[in-house]
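To start, I am sharing the structure in question, which I have written as structure tokens.
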Amino acid sequence: MADRILLIEDEPLVRDLVVLNLRHAGYEVRTAGTFAEGEAALAEAKADLAIVDVMLPGGEGFVLVRQARDNGLKVPILMLTARSDVQSRVRGLDCGADDYLTKPFDVAELLARVRSLLRRASGTVAGPPKQLELGKFWIRFDTGRALTHEGEVTLSDKELKLMELFARNEDKVLSRADILEEVWGMDAFPTDRTIDNFVLRLRRLFEANPEEPARLITVRGRGYLFKKA
Ligand code: CA
């Protein structure tokens, strides 16, 4: 069944653009255009994810989200705001939103955030594994230590996060956008090249033959596929 998204946004242009793109991506979308409509729609709790604009006729999105959380709503919430200042961001996260996007935003980025929030919420993303065995190599996620081609080393935070993400998604293709979202999060957006460099480095550590990767496999035009091999 398609994931259901509730969009609470009063600006017709933004609403139409987002609805069009979400539907195109296969989601079922409902909309609300005011604070009161949003309140009613959230209370029905029929969505898998809500996107909430901050400035709504009748009240602030922050208040709407706080209320919904107080009423026990658990679904992921992405806030949209025209302001990128720290204060708005902190308020957004404090009121119980899971993520935050500043207008004007790129639709591709919105879709990446939506995918990421739904993935996290769906439970397909289990808690991080404690340890990963890769043939003769291993990684211990609690200590960050790993046995590699270079002997026993301490992996960097990003290297660990990336390997954790791969470990949780064995045999699934992860796009570079997925990886950016999960490993780098919402603050910094490095280039695709950054990811490729991390993968190259991880291959040198964990592939039996880094020139012919059997664990961190490039899927042309789509991203990366991890196999424990
Ligand atoms: Ca608005």
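Of 206, 35, 198, which has the largest mean-square fluctuation in a 10 Å C-alpha GNM of the chain?
Taking springs between Cα atoms under 10 Å, the residue moving most is 198.
How much length would be gained if the chain were fully extended between residue 43 and residue 24, taking 0.36 nm per residue of separation minus their Cα-Cα distance, in nm to one decimal?
Working: separation 19, 0.36 × 19 = 6.84 nm, distance 2.63 nm.
Gain in length upon complete extension: 4.2 nm.
Provide the packing ranking of 211-223, 138-150, i.e. peptides ordered by the mean count of other C-beta atoms within 10 Å per residue, highest first. Before the final figure, lay out each step's value.
Numbers: 211-223: 13.6, 138-150: 15.9.
Taking the mean over residues of other Cβ atoms within 10 Å, the ranking is 138-150, 211-223.
State the antiparallel share, in %, of DSSP beta bridges confined to the stretch 4-122, rounding to the nearest 5.
On the way: 2 of 19 bridges.
Expressed as a percentage, antiparallel bridges in the stretch 4-122 total about 10.
Still on this model: Convert each backbone phi in the stretch 32-44 into a coupling constant with the Karplus relation 6.51 cos²θ - 1.76 cosθ + 1.60 (shift: θ = phi - 60°), then list the ³J(HN,Hα) values in order as whole Hz, x for Gly and Pro.
Karplus values, whole Hz, x for Gly and Pro: 9, x, 9, 4, 5, 4, x, 4, 5, 5, 5, 5, 5.
Would you please give the residues with an amide H less than 5 Å from that of residue 5, counting only those at least 5 places away or on a separate chain, with H modeled from the backbone geometry?
For residue 5, whose amide H was placed from the backbone, the distant partners under 5 Å are 28, 29, 30, 48.
Something else now. Using the 10 angstrom Cβ neighbour count as an exposure proxy, how do 107, 54, 65, 90 rank, fewest first? Intermediate values should be presented prior to the final figure.
Numbers: 107 14, 54 23, 65 26, 90 11.
So the ranking, lowest neighbour count to highest, is 90, 107, 54, 65.
Sort 1, 163, 55 so that the residue with the fewest other Cβ atoms within 10 Å of its own Cβ comes first and the one with the most comes last. Spell out each step's value before the answer.
Values: 1 5, 163 26, 55 17.
Result, fewest neighbours first: 1, 55, 163.
Read-outs throughout are calculated quantities, based only on the coordinates presented, and are distinct from any laboratory measurement. Just so we're clear, the structure is a prediction, and the values are computed from it rather than from any experiment. In this analysis, Cβ positions are derived from the backbone assuming ideal geometry, glycine residues included, and neighbour counts consider all displayed protein chains.
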